[in-house]
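I have placed the structure first, in the form of structure tokens, so that the comments after it can refer back to it.
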Amino acid sequence: TVTFTGIMGVLCRKGEVEKALKLYDVMIGRGLKPNDYTCSILVGGLCRTKRLDDAVNLFEKMVLNGYASVVCLNTLMHGFLELGRREEATKLFKENLFFKETMADVVSHNTLMDGFCKTGDLIAAKKLLHDMKVRGLVPSLVSFNTLVSGLCKRGDIDRALDLVEYAVNNGQMPDVITYSTLLDGLCKVGRFQVAENLLIQMHENRIEVDVVTYSTILNGYCKTGQLQKAQKIL
RNA sequence: GUGGCAAUCUGAU
């Protein structure tokens with residue numbers, strides 16, 4: 001099962017879902033049982049090729065047979081959100097809020113939050129952060145990074161900075177993604193001085209600057225014609 | 001004879 005599923009994963013990543021599904025039949029034909037990995041890989045493959053109906057059917061079948069996990073749910077929700085089908089993602093989410101194998105976890109909440117952020121609905125996204133705590137889940141760094149990104153995209157950098165402070169108080173230290181997100185927001189509203197301070201702080205906190213961080217800053221400087229500053233960074 | 005070693009969420013273009 002592990003071998004078959006592994007190959008199906010490779011095929012799905014290449015967009016060859018058809019071959020993966022054929023392999024799935026071969027696997028079943030040999031009397032091997034699928035598992036939650038098999039389920040999420042195939043669901044993900046179908047989502048990537050926009051075959052959401054097939055993905056839903058497979059997911060429901062797997063749920064009935066007890067092979068589905070919350071990862072499969074998350075994969076499917078993500079598939080809907082990628083296509084802008086927010087209502088269906090939300091419906092799926094709500095159906096899985098009670099105790100069962102596919103009960104919504106932190107990643108489910110994060111996935112939906114990101115979907116809300118990307119459509120600019122920060123109110124709904126913030127509510128979700130609150131809801132997850134009510135449900136006894138502990139927001140992860142990704143939860144905060146997702147909201148920070150949403151706030152930055154809206155230009156609400158100060159609220160984003162406040163949220164990071166709040167995250168720190170909740171035991172989530174910013175990582176390279178948090179910083180890059182903030183830097184991008186700051187550059188895009190022209191607050192380069194604050195951005196430079198943040199870079200220093202990043203260094204002090206021993207956070208490794210990566211290729212995305214560099215391109216974020218370079219992009220900011222180049223688009224405002226500060227090529228000398230851009231060169232200085234390199 | 002195309003890098004593959006099993007799954008889901010967040011950052012630049």
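What the pair-distance distribution of segment A:9-79 shows, using all Cα-Cα distances binned every 10 Å from zero, is 23, 59, 18, 0 percent. Rounded to the nearest whole Hz, the Karplus-based 3J(HN,Hα) values (6.51 cos²θ - 1.76 cosθ + 1.60, θ = phi - 60°) of segment A:65-77 follow the sequence 7, x, 9, 8, 10, 5, 5, 5, 4, 4, 4, 5, 4, with x at glycine and proline.
Taking the three principal axes of the alpha carbon atoms in segment A:194-234, the coordinate ranges are 30, 20, 14 Å, sorted in descending order. Of all aspartates and glutamates in the structure, the ones whose alpha carbon falls short of 19 Å from that of A:K133, not counting any fewer than 8 places away in one chain, are A:E95, A:D105, A:D114, A:D162, A:E165. Shown here are the Rg and Dmax of the Cα trace of segment A:91-234, at 16.9, 57 Å. Step through the table entries A:K22/A:K100; A:K14/A:K188; A:K19/A:K50; A:K50/A:K126; A:K91/A:K126, compare each Cα-Cα distance with 25 Å, and write down the pairs that go over it. Listed pairs above 25 Å: A:K22/A:K100; A:K14/A:K188; A:K50/A:K126.
Convex hull volume of the C-alpha atoms in segment A:29-161, normalised per residue: 105 Å³.
Of the two radii for segment A:141-224, the radius of gyration is 0.93 times the Kirkwood radius, both from the alpha carbons; that is the Rg over Rh value.
Placing a label point 7 Å from the Cα of A:L227 along the Cα-to-Cβ direction, the residues of segment A:194-218 whose backbone N falls under 19 Å of that point are A:215-218.
Computed from the coordinates by the stated procedures, all read-outs in this text should not be read as laboratory data. Predicted model, so just to flag it, every value in this text is computed and none were measured. Cβ sites come from the backbone with ideal geometry, for glycine too, and all protein chains shown count toward neighbours.
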